[in-house]
Amino acid sequence: MRTTLELTASTAQRQGANLQYSAIPTAYPNLDAFDFRATAMRSLFQYGYECAHAGRFWIASRRVATDPENRAGTTTSRNIPCPAEDEFIGRIAAR
């Protein structure tokens, strides 16, 4: 996965664009990849909305995972870190 993201980020950069991405953090509770019931999706979409509203949804491909300025931010009301605050996702984003 990291190799694919690196190639995509490099290609985007050569074309003059910046890659931003997001992922569901491992801390998100009870996530079943095949559970598409409305209640499960509604909860996940609400989580995404709250993170996006707080400006903590997207991660830039050039982001440095240990940069305190990039790690500070708001988390959702359920105390689940937003994608921009997840350390694993941040390590993937660091180039």
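The values are calculated or read from the model by the stated rules, or taken from the named source; none is laboratory data. Worth saying up front: this structure is predicted, and the values here are computed from it rather than measured. Heads up: the accessible areas ignore ligands, DNA and RNA and are worked out on the full protein's heavy atoms, side chains in. Shrake-Rupley method; radii C 1.70, N 1.55, O 1.52, S 1.80 Å.
Numerical summary
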{"read-out": "Potential lengthening between residue 42 and residue 87 on full extension [0.36 nm per residue; Cα-Cα distance subtracted]", "value": "13.7 nm"}
{"read-out": "Contour minus Cα-Cα distance for residue 49 and residue 21 (0.36 nm per residue)", "value": "8.6 nm"}
{"read-out": "Heavy-atom accessible area per residue - segment 1-59, 1.4 Å, Å²", "value": "74"}
